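Peer 1: Please see the structure below; I have some questions.
The values are calculated or read from the model by the stated rules, or taken from the named source; none is laboratory data. Since this is a predicted model, take the numbers as computed values, not measurements. Note: ideal-geometry Cβ built from the backbone for every residue, glycine included; neighbour counts use all protein chains shown.
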């Protein structure tokens, strides 16, 4: 399999994984370590300016990761879809799972942008950042599960 892998596919997949690791790893760090530590050090609203600065800076990293994920994900889909043609009379399992994965991905991107942005529209989400970061972590885990299932499906073309 590796001998058949084109360098562009390998680079795209590596960039895709790297961006995902940065985005999800950072989210887990912020949710499980940083937010509780900031609350312990500066309870109430005393630490709000620090939290706002942190999320503004984290937003730049996260938005860059999302851009890389979108670009490499589109490329990877163009590489994989021809290998997984629907079999007549059968449910196109690859395409169904891929569709579910994309819905979860876009939900995750929406939450990530909403909780790191400055728009007044999403202020209610930002007031509950820890809860939405937890939802993000669960969505990311489901996306990883679906990605692995997609990888295990046999090639049909």
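Peer 1: Which residues, counting only those in segment 2-38, are farther than 24 Å from residue 71 by Cα and surrounded by fewer than 14 Cβ atoms within 10 Å (Cβ to Cβ)?
Peer 2: Result: 3, 29, 33, 36, 37.
Peer 1: For segment 123-146, give me each residue that is at pLDDT below 95 and surrounded by 13 or more Cβ atoms within 10 Å (Cβ to Cβ).
Peer 2: Answer for segment 123-146, where residues must be at pLDDT below 95 and surrounded by 13 or more Cβ atoms within 10 Å (Cβ to Cβ): 125, 126, 129, 130.
Peer 1: Something else about it: For segment 93-116, enumerate the residues that are surrounded by 15 or more Cβ atoms within 10 Å (Cβ to Cβ), farther than 30 Å from residue 52 by Cα and modelled with pLDDT under 95.
Peer 2: Passing the criteria: 93, 94.
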